[in-house]
Amino acid sequence: LAMSSATSTTSLPSGLAVLTTFPDVLFIPEIIFGGLVWILVASSKVPTPMLQGWVMFVSVFCFVMSTTLLGLYICGAHGGSSSWVTLVSGCDKP
């Protein structure tokens, strides 16, 4: 499953065109739900604080990475290189 329309065209979208391709527009709900997870984890009480710290780290890291990748795609930092599809696919698999 490719992250963007790179398999059907020769270049990756950049600028606001990122928000018009279906797989890339999924960044928006990913960021929204990632922020909600971050809030819920931060406000929960768990018997072992060490576990909460790890879950908090993972949720904040994924939230920041998603936001950064969306920003880089909108800025066009990929330069049309298809290796960015691999990067985004790797970030979304965990």
- Query: Going through the stretch 72-90 one residue at a time, which ones are exposed (fewer than 12 other Cβ atoms within 10 Å of the Cβ) and either part of a helix (DSSP H, G or I) or touching a Cys at 6+ places or on another chain (Cβ under 6 Å) (or both)?
  - Reply: CYS75, SER83, GLY90
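Within the stretch 25-58, restricting attention to residues that are part of a loop (DSSP other than H, G, I, E, B) and touching a helix residue (DSSP H, G or I) at 6+ places or on another chain (Cβ under 8 Å), which residue is most open to solvent (accessible area, probe 1.4 Å)? So that I can check it myself, show each step before the final result.
As a first pass, look at the stretch 25-58 and keep what is part of a loop (DSSP other than H, G, I, E, B): 26, 44-48.
Retained after the next criterion (residues that are touching a helix residue (DSSP H, G or I) at 6+ places or on another chain (Cβ under 8 Å)): 44, 46.
On the way: SER44: 46, VAL46: 64 Å².
The selected residue is VAL46.
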- List the pairs whose first member sits in the stretch 57-78 and is on the phi < 0 side of the Ramachandran plot and touching a residue at least 12 places away in the same chain (Cβ under 8 Å), whose second member is open to solvent by 50 Å² or more (accessible area, probe 1.4 Å) and of a type in the set (Asp, Glu), and whose Cβ atoms are under 7 Å apart, counting only residues at least 6 apart or on separate chains? SER66/GLU30
- Query: Can you tell me which residues in the stretch 9-24 are part of a helix (DSSP H, G or I) and not hydrophobic (A, V, I, L, M, F, W, C)?
  - Reply: GLY15, THR20, PRO23, ASP24
- Message: Condition check: more than 21 Å from THR86 (Cα to Cα), at pLDDT below 80, among the hydrophobic types (A, V, I, L, M, F, W, C) and out of contact with any Asp or Glu (no Cβ under 9 Å at 6 or more places or on another chain). Does VAL60 satisfy that?
- Response: no
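Name the residues in the stretch 13-24 that are at negative phi and modelled with pLDDT under 80, would you? Break it down into steps so the answer makes sense when it comes.
Let us first name the residues in the stretch 13-24 that are at negative phi, namely 13-14, 16-24.
Answer for the stretch 13-24, where residues must be at negative phi and modelled with pLDDT under 80: PRO13, SER14, LEU16, ALA17, VAL18, LEU19, THR21, PHE22, PRO23, ASP24.
The values are calculated or read from the model by the stated rules, or taken from the named source; none is laboratory data. Computed from a prediction, not measured in an experiment: that's the story for all the values here. Heads up, the Cβs are rebuilt from the backbone with ideal geometry, glycines too, and the neighbour counts pull from every protein chain shown. Side chains included, ligands, DNA and RNA excluded: accessible areas come from the protein's heavy atoms. Shrake-Rupley method; radii C 1.70, N 1.55, O 1.52, S 1.80 Å.
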